[in-house]
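The values are calculated or read from the model by the stated rules, or taken from the named source; none is laboratory data. Everything numeric in this text was worked out from a predicted model, so none of it was measured. Neighbour counts run over all protein chains shown; Cβ positions are idealised from the backbone, glycine included.
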Amino acid sequence: MLEAVQYLQKNVANEALFVQLVAQLQKDFQMAVQLEVFLNIGSAEDLVAELERQLLRLVETDASKFSSLLYRIDVSEAAIDELQLRGLNLEQYLWELTFIILKREWQKVCFRNKL
């Protein structure tokens, strides 16, 4: 989790870009699983914690929606396979996956803003 927070603090220093990142996550969650989350996120720590909570909830309640979300976000199958091969427990798996998701969503925001 700390790695993801540090990544956000380093790369998403601009508040307007942080808002766009949160909006991108919200959009992908809404389109993939019809779920509104990330509404009152004010810091990198809050965003990482909320993303982990939502991923855990999806894993525990609806694996098909979880898969749909990963597809919508465009998390590479190679990254997922690599995590699974490492034999991580669920908590570690979600920490790593949170970081991968945030990096991918940040790429979308950067591309849109041509950063």
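Before moving on, here are some points about what is shown:
So that you can scan it fast, the table gives a plain yes or no per residue for (1) loosely packed, with under 11 Cβ neighbours inside 10 Å; (2) part of a helix (DSSP H, G or I); (3) modelled with pLDDT under 95:
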position	(1), (2), (3)
Y71	no, yes, no
A79	no, yes, yes
E82	no, yes, yes
G87	yes, no, yes
L97	no, yes, no
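- Against the criterion of being of a type outside the set (F, W, Y) and buried (at least 20 other Cβ atoms within 10 Å of the Cβ), L39 does not qualify.
- Residue within segment 36-53 that is under 29 Å from E15 (Cα atoms), in a loop (DSSP other than H, G, I, E, B), more than 13 Å from the chain's Cα centre (by Cα) and β-branched (V, I, T) present: yes
- Residues that are surrounded by 14 or more Cβ atoms within 10 Å (Cβ to Cβ) and more than 12 Å from the chain's Cα centre (by Cα) within segment 1-18 comprise Y7, N11, V12, L17, F18, listed in sequence order.
- Among residues of segment 43-69, those that are touching a residue at least 12 places away in the same chain (Cβ under 8 Å) and either within 18 Å of K103 (Cβ to Cβ) or among the acidic types (D, E) (or both), counted: 12
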